[in-house]
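Q: Would you mind keeping the following structure in view while I ask a few things?
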Amino acid sequence: MVRIDPVVVGDHVFTGVTVELPKTRLIVLATPKGYIMCGALDIGLLNDRLAERGIVAARCVGVRTYEDLLNCGVESATKAAEELGIKPGMPGREALLRML
């Protein structure tokens, strides 16, 4: 099952996407510029093989809900996200706001 939800943070509305798969759940919070996602996100692939796209993305591990993504510490981020000041350890909420 795929679910799309509005997720409100302060004055901003983000797009939440949850994909239920056998034995796992993919979860994403997106802005028009980028996104944060669960541990299934392959930052190495985005930085290396898709570098020309300049994808703004950050990865959080051990998350199961949108609230988890907002409160997680970013585990890793793409080079394009780092250029916006997104760093490991930063709360997901702050990373999303930098993507606006």
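Readers should treat all values here as calculations from the given coordinates under stated rules, not as data from a laboratory. Keep in mind that this is a model prediction, so the values were computed, not measured. Don't worry about glycine lacking a Cβ; one is built from the backbone with ideal geometry, like all the others, and counts go over all protein chains shown.
Q: State the answer as a single residue: which of Leu21, Asn71, Val9 lies farthest towards the positive end of the charge dipole of the chain, with beta carbon charges of +1 for Lys and Arg and -1 for Asp and Glu, about the Cα centre.
A: Checking the options against the dipole of the chain, the answer is Leu21.
Q: Say R0 is 35 Å: what FRET efficiency, to the nearest 0.05, do Asp5 and Asp42 get from their beta-carbon distance?
A: 0.90
Q: Right, here's the next one. If you build a Gaussian network model of the chain, linking Cα atoms that sit under 10 Å apart, which residue out of Thr78, Thr15, Thr24 swings the most?
A: Maximum fluctuation in the GNM of the chain, among the listed residues, is at Thr24.
Q: Per the helix-only calculation at 222 nm, which mean residue ellipticity applies to the chain, given -39500 (n - 2.57) for every DSSP H run of n ≥ 4 and division by its residues, nearest 500 deg cm²/dmol?
A: So the calculated ellipticity at 222 nm is -5000 deg cm²/dmol.
Q: Taking the chain as a whole, which cysteines find no other cysteine Cβ under 4.7 angstrom from their Cβ?
A: For the chain, the answer is Cys38, because their Cβ atoms have no other cysteine Cβ under 4.7 Å.
Q: Also, I was wondering about something else. Please list, or write none, the lysines whose alpha carbon is within less than 28 Å of the alpha carbon of Lys79, excluding same-chain residues fewer than 8 places away.
A: By straight Cα distance, Lys79 reaches Lys33, Lys87.
Q: Rank-order 56-62, 37-43, 7-13, 85-91 by packing density, defined as the average count of other C-beta atoms within 10 Å over each peptide's residues, highest first.
A: My ranking of the peptides, most packed first, is 56-62, 37-43, 85-91, 7-13.
Q: Ok, one more. Just how large is the dipole of the chain about the Cα centre, in debye to the nearest 20, putting +1 at every Lys and Arg Cβ and -1 at every Asp and Glu Cβ?
A: 140
Q: When the Karplus curve 6.51 cos²θ - 1.76 cosθ + 1.60 is applied with θ = phi - 60°, which whole-Hz ³J(HN,Hα) does each residue of the stretch 69-77 get, with x for Gly and Pro?
A: Listing the rounded values in order: 4, 5, 9, 5, x, 4, 8, 7, 8 Hz.
Q: Counting residues in the chain as N, plug N into 2.2 N^0.38 Å and put the Cα Rg over that result.
A: In units of the 2.2 N^0.38 Å rule of thumb, it is 0.99.
Q: If you don't mind, there's one more thing I want to ask. Please identify, among Ala77, Ala51, Ala30, the residue showing maximal mean-square fluctuation in a Gaussian network model of the chain using a 10 angstrom Cα cutoff.
A: Ala51
Q: Karplus couplings for the stretch 18-26 from phi (6.51 cos²θ - 1.76 cosθ + 1.60, θ = phi - 60°), rounded to Hz, Gly and Pro as x?
A: 10, 10, 8, 10, x, 6, 7, 9, 9
Q: Specify the residue with the greatest mean-square fluctuation among Leu50, Leu70, Leu26, computed from a Gaussian network of the chain linking alpha-carbon atoms under 10 Å apart.
A: Comparing Leu50, Leu70, Leu26 in the GNM, the peak value goes to Leu50.
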